[in-house]
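Report on the structure given below.
The values are calculated or read from the model by the stated rules, or taken from the named source; none is laboratory data. Note that the structure is predicted; figures quoted are calculated from it, not measured. Reconstructed Cβ throughout: ideal geometry from the backbone, glycine too, with neighbour counts over all protein chains shown. To get the accessible areas, we keep the full protein, side chains included, count just its heavy atoms, and leave off ligands, DNA and RNA. Shrake-Rupley method; radii C 1.70, N 1.55, O 1.52, S 1.80 Å.
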Amino acid sequence: MRISHVLPVALTTMLAFSSSPAASAEKTLTVYTYESFVSDWGPGPKIEAAFEAECNCDLKWVGVADGVALLNRLKLEGEKARAGVVLGLDTNLVTEAKNTGLFEPHGLETKSVSVPGGFSDTVFIPYDYSHFAVVYDSEAISAPPASLKDLVEGDPRDKIVIQDPRTSTPGLGLLLWMKSVYGDDAKAAWEKLSKRVLTVTPGWSEAYGLFTSGEAPMVLSYTTSPAYHMVAEETDRYQAAEFAEGHYLQIEVAGLLAHAPEKELARQFLSFMMTPGFQNEIPTNNWMMPVAATSIDLPEAFSTLVSPQKSFLYSPEDAAENRAAWIDEWLDAMSR
Amino acid sequence: MTQPPAIMFDRVVYGIGDLRAEFSFQRHPGSVTAILGPSGAGKSTLLNLAAGFLVPDSGVICMDGRSINGLPPSGRGVSIVFQDNNLFAHLDIRTNIGLGLDPALRLDQPAWSTVDKALERVGLAGFGRRMPGTLSGGERQRVALARAFARRRPLLLLDEPFDGLGPGLAADMLGLMLEIRAEVGATVLMVTHDPDEARAAADQILFIAKGRIAADAPSDGFFERRDLPELDAYLGSTGET
Amino acid sequence: MLTRTEHRAARAAGLAALLCIGLALAVPVLVLVAQGAGTGLSASQGEYLLRITRFTLMQAGLSTILSLATAVPLARALARRPAFPGRRWLINLFAVPLGLPPLVAALGLIEVWGRNGIANKGLGLLGVETPFSIYGLSGILIAHVFFNLPLAVRFILPGLERLPPEYWKTAANLGMGGLSLFRLIEWPAMRQSAAGAAGLVFMLCATSFTLVLVLGGGPAATTLEVAIYQALRFDFDPGRALMLAAIQVGLTLAVMLGLKLISAPSKPGDTKGGSTSRPDAPHGLHALPDAVLIGVAGVFVGAPMVAVIISGLQADLSRLLADPQFWRAATTSLSIGVAAALLSVLLAGLLVRARYSAADRSASPALGLLSALSGAASSLTLLVPPVVLGAGWFLMLGGGVGQMLAPLAVIVTVNALMALPFVMRVIEPAHLSAMQRNGRLSLSLGITGFSRLWQIDIPALRLPLVTGFVFAVALSLGDLGAIALFGSDRIVTLPWLLYQKLGSYRTSDAAGLALLLGGLTMGLMLAADRLGNRNGTTGQ
């Protein structure tokens, strides 16, 4: 009996708390992205301030675990997604993302953008790039792996934290990297590597957090990650290992949702993304390489980073075609 | 009187809560002593000290002239029968008696026949495979006596063993106990609150009040004494029941 | 003692409650079947399913063996030492993990057993080079033993303490010691409760979700529950989720049937209550093994909780408390908890009443069935674990996108069903004794119907009802299973917020949150325990 009274009260309370406090006349743009982008130390807060200064709008971030989880969420929500822009997919996912039919061409001039290999697309615009790399703690490991083969065949007692390719773009990146190097032998290589894997996390932030707190001496991250420690912490304790076979390239992109509530605002944001107001925050906050002109110079540390001799990158079509099968293969190898 | 006493308490002190008990007495081999007194006076404490369940704060307990203070309960040559729960309810009668011969139950054929003979002795031949729960209260106490009989220890401690059996049955059991005692040649200390039981079975009385031995005397004519106020109070309060 | 009308009302209400529970359980399962029916499985998927099924069973089996193999000697040691200082405190401590949110416990376990935890530091000092890993199978096992060792001890210890004091005196008198005492006396007294505890522990570990999610460390250490969650949240693959759910339900069903076989009803023995002295237990140096065992177990169970408190206090609690996100999550959590607890108590009350009515004059087989079903309803919720339940509703609601009320209702329902077995166990005996006390009197005074319900029965049951309610709130507050599927930026509960903070590696925030959440549930659990004790019937 009493339940009929209490339930509505409880639900109303929750609704009151969950609805946005900014109920002013301002337009609101919601951007879906990954967790580390919007964390306190990520670029999100600064970009938000910069964009809001010129758009007379309210920019709202919604962060999920990582890039692939972003795509999963879109698939799940379909047309009900309440966002205008999705930021944080990478080239490996763009074909699948387009196949959802949820995106529409941005219709913007993207000449100012340049990335290695020259990715250009009518729907997705790159906003940063870097190469995946194994980052290690030089105080815990004296002889870091010098190649992917070294990593796979090294001492299983030296652990690495990796990300789940079903949720995370670095996780997917490693999967494709292994495939690029090992081809059909990738499954056997994964079985071997699984002995060195301390844990598989859903997202990059969790993995990197475990690494910096000392739970594992290696983590899958980016060639640019050590710059953070050099600039922000003034230490060169954490280094990226250069792999002889080459490194897999990640180009991160953003796109416009067809059902965006404020489409012009969303498009304005994508334009802003290619300007220094956005790009300035990428190197020293997202710790990736900018894709367009910045108004400040890259910190000195960036010149000391590993710069891969060779880059791997599957075409979006190849990645889309094989992703499901390769992930099954990965699951199979990793669950042995 | 060259023989050392079968059991001797020499200023044995034990403190529990407010009660500080101190006991000194000795008994000849083969004697039967009834321990009487109001509840809470320390009767069971005395028995528990003799059995080794309690460790005295000071004083010496001797059997046959040797101190048993440092011996564990199983090393003292003592058998004990309680008012209830003498038998492990989940083990059959034979096993319950057999444990008295070897606590790990490693029994050979002669040992098992000892068990059967003990059962026969208490009139329960053929009961060996039954569970304690299927026996009456009196039958269970017989099994306990059978175990004491099989063990043949020199000191037999009884803690109100026939209480709650009804007057007729209790008298029968008392007789059986005395027979067994005679066959084994054991010395008996028996806590009871029934003066008739004491009169019938015991040749000695220990009357305990407030943790002290208030009287240590032969049973003959003991209950007719009028010089003990504690005894008056005790008989006055229990005589009616 | 009920009037004819009251019987009819009780049965109708009970039937309605059963129907609601049945629907809440059946609908999601049907949806899973319908959604998954069309999808096939590739060969590698089949092998993957096989492997995680095997892992689920293996980790549950190992967890059970480890928990019981420790709990039996520990219960024995505790029974042998009935009066050491701090014993009561330790037994109380052992009641805590049952109500501790798994996520909070996981945090504490990482503090203690992680690479930089005290355990590994100690091992390092001892010269052990390879650090112990809290991730993967070893971590899952540690966590499961942390939760289930105390539970098993609390199950087993009473069996020993119930034995009459004469047993121990007789054992001492006969010289039964060590192994023979264990074989002949102690083990028979523990066997039944140990078997029951083993079954329960296996069941809890086979359906463990949060701990495996956090500590599993990848596909090699994934249970069915986690795989269901991943199939929906990671792959959006309803077919796979269905297969996994079917295996899970089949597995739990088999285990429960097996349990029915093991734990045949026992005949109560004649007991005199707990013994206070154990003359059979050797003292002095011989007590050392018991002391060491009890000490180690106390530290094992206590250390993660202490770690949560210490690292929580180091966090910036004032900032956390000033964060509107925290208050939003706390409000959501409490609202869900209160709603779920009300629903749970209501359902339990109706079922208990119907069972009583059916037993009062169970002439017809239909009434017998009603009684049996009402009794089984609570176990049914164990059969279909929260994640399976949530998965069905998740698919039906299209992932709950853009909805608030429907996902909330599902979370409330799932939490209510989760708490139902515990709440029923608190209410049923109290209801029975209240009916025995007041039944005839009410009839003779002519107080019937609603006025009887309001004036006699409910006031008489106020304490157990409140106990069940508080307990259900505490359970719901700590739950991550139902929210994990529906959690979004719109519906955030405290455990979900904690999980997010862990994910984004805001360690200090997570530690502070864990302390707040742990403190809240612990306070409620202790309150429920207090109330239960005052009432004479605990959840245990």
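Using 0.36 nm times the number of residues separating residue C:309 and residue C:187, minus their current alpha carbon distance, what extension gain do you get? Could you put the intermediate results ahead of the total?
Numbers: separation 122, 0.36 × 122 = 43.92 nm, distance 3.73 nm.
Extra length from residue C:309 to residue C:187 when fully extended: 40.2 nm.
Counting only residues at least eight positions apart within a chain, or on another chain, the aspartates and glutamates with an alpha carbon under 14 Å from that of residue A:46 are A:54, A:58, A:281. Between residue B:208 and B:36, B:37, B:214, the built amide H atoms are under 5 Å apart, and every one of these is 5 or more places off in sequence or on another chain. In summary, the lysines within cross-link reach of residue B:210, defined as a Cα separation below 23 angstrom excluding same-chain residues under 8 places away, comprise B:43.
Taking 10 °C and 1.306 mPa s as the conditions, I'd like the Stokes-Einstein D for chain C in µm²/s, using the Kirkwood hydrodynamic radius from alpha carbon pairs. Rounded, D is 64 µm²/s.
Cross-link reach is defined here as a Cα-Cα straight distance under 27 Å, omitting same-chain residues fewer than 8 places apart; for residue B:117 the lysines meeting it are C:169. Each label was represented as a point 7 Å from its Cα along the Cα-to-Cβ direction; for residue B:109 and residue C:286 these points are 3.5 nm apart. Once phi is turned into ³J(HN,Hα) by the Karplus curve 6.51 cos²θ - 1.76 cosθ + 1.60 with θ = phi - 60°, what whole-Hz value does each residue of the range C:153-168 show in order, with x for glycine and proline? Each residue of the range C:153-168 in turn: 4, 5, 6, 7, 4, x, x, 6, 6, 6, 4, x, x, 4, 4, 6 Hz. Every helix of 4 or more DSSP H residues in chain A counts as -39500 (n - 2.57), and over all residues that averages to -11000 deg cm²/dmol at 222 nm.
To the nearest 20 debye, what is the magnitude of the charge dipole of the protein assembly as shown about its Cα centre, counting +1 on the Cβ of each Lys and Arg and -1 on the Cβ of each Asp and Glu? If you can, show how the numbers build up before the last one.
Values: 87 positive and 96 negative charges, 823 e Å.
Its charge dipole is roughly 3960 debye.
Phi angles across the range A:244-260 convert, under the Karplus curve 6.51 cos²θ - 1.76 cosθ + 1.60 with θ = phi - 60°, into 3J(HN,Hα) values of 4, 6, x, 10, 7, 8, 10, 10, 8, 10, 10, x, 9, 7, 5, 9, 4 Hz, Gly and Pro given as x. Using only side-chain charges placed at the Cβ, +1 for Lys and Arg and -1 for Asp and Glu, the dipole size of chain C relative to its Cα centre rounds to 1280 debye.
Annotation: average projected area of the range B:144-241 is 6.7 square nanometres, based on the convex hull of Cα atoms across all directions. Entry note: the range B:88-152 has Rg to Rh equal to 0.92, where both radii use alpha-carbon atoms and Rh is the Kirkwood radius. In the protein assembly as shown, inverting the average of 1/r over every pair of distinct C-alpha atoms gives 34.2 Å as the Kirkwood radius.
Kindly provide the chymotrypsin sites (Phe, Trp or Tyr not before Pro) of the range C:72-132 that DSSP labels as loop, not H, G, I, E or B, and whose Cβ sees at most 12 other Cβ atoms within 10 Å.
Values: sites: C:89, C:94, C:113, C:132; in loops: C:94, C:132.
Sparse-neighbourhood loop chymotrypsin sites (Phe, Trp or Tyr not before Pro): none present.
Return the subset of A:192/A:310; A:111/C:501; A:27/A:75; A:98/A:159 for which the Cα-Cα distance in this structure is over 32 Å, preserving the input order. In this structure, A:111/C:501; A:98/A:159 lie more than 32 Å apart at Cα.
What accessible area per residue, rounded to a whole number of Å², is obtained for the protein assembly as shown using a probe radius of 1.4 Å? Walk me through the intermediate numbers first.
Values: 44560 Å² over 1117 residues.
Accessible area per residue: 40 Å².
Averaging the Cα positions of each part gives two centres, and for the range A:185-259 and the range C:278-343 these lie 34 Å apart.
Just to verify a number: FRET efficiency for residue A:271 and residue A:236, C-beta to C-beta distance, R0 = 30 Å, to 0.05? In this case the efficiency is close to 0.20. Taking 0.36 nm per residue of separation and subtracting the current Cα-Cα distance, fully stretching the chain between residue C:125 and residue C:376 would add 85.1 nm.
Which FRET efficiency value, to the nearest 0.05, is calculated for residue B:179 and residue B:71 with the Förster distance at 51 angstrom and r the Cβ-Cβ distance?
Working: r = 29 Å, r/R0 = 0.56.
The pair residue B:179/residue B:71 has a calculated efficiency of 0.95.
Stokes-Einstein, applied to the Kirkwood radius of chain A over Cα pairs at a viscosity of 1.306 mPa s and 10 °C, places its translational diffusion at 76 µm² s⁻¹.
How much of the DSSP beta bridge set in the protein assembly as shown is antiparallel, as a percent to the nearest 5? Mind dumping the intermediate values first?
Values: 46 of 81 bridges.
For the protein assembly as shown, the DSSP antiparallel bridge percentage is about 55.
How far is the Cα center of the range B:116-155 from the Cα center of the range C:185-210, in Å? Rounded to whole Å, the Cα centres lie 37 Å apart. The angle between the Cα long axis of helix B:109-121 and the longest principal axis of the Cα atoms of chain B comes to about 60 degrees, rounded to the nearest 10. Using C-alpha pairs under 8 Å with a sequence gap of at least 6, the mean separation divided by the residue count of the range B:88-152 gives a relative contact order of 45 percent.
Share of the range B:88-152's accessible area from carbon and sulfur, percent, 1.4 Å? Write down the numbers at each step before the final one.
On the way: 1360 of 2730 Å².
Here it works out to 50 percent.
Tell me which cysteines of the protein assembly as shown come out unpaired when the rule is another cysteine's Cβ under 4.7 Å. Taking the Cβ cut-off of 4.7 Å, the unpaired cysteines of the protein assembly as shown are B:62, C:20, C:205. Placing dummy labels 7 Å off each Cα toward the beta-carbon, the span from residue A:149 to residue C:118 is 4.7 nm.
Look at the dipole of the protein assembly as shown built from charges on Cβ: of B:9, A:226, C:310, the Cα furthest out on the positive end belongs to B:9.
Our coupling estimate for the range A:66-74, obtained by passing each phi through the Karplus curve with A = 6.51, B = -1.76, C = 1.60 and θ = phi - 60°, is 6, x, 6, 4, 4, 5, 4, 5, 5 Hz, Gly and Pro reported as x. Spin-label model, residue A:49 to residue B:203: label points 7 Å out along the Cα-to-beta-carbon direction sit 10.6 nm apart. Surface listing: A:110, A:304, C:210 arranged by accessible area from highest to lowest gives A:304, A:110, C:210, probe 1.4 Å. Close amide-amide hydrogen proximity is noted between residue B:219 and B:204, B:205, each under 5 Å apart and 5 or more residues distant or on a separate chain (H modeled in the peptide plane; Pro and chain starts excluded).
Report, in degrees rounded to the nearest 10, the 0 to 90 angle that the Cα long axis of helix A:44-55 makes with the longest principal axis of chain A. Value to nearest ten degrees: 40.
From Cα pairs below 8 angstrom and at least 6 apart in sequence, can you work out the relative contact order of chain C, rounded to a whole percent?
It comes to 25 percent, rounded to a whole number.
Which FRET efficiency, nearest 0.05, do residue A:309 and residue C:406 yield, Cβ-Cβ r, R0 60 Å? For R0 = 60 Å, the calculated efficiency reads 0.65.
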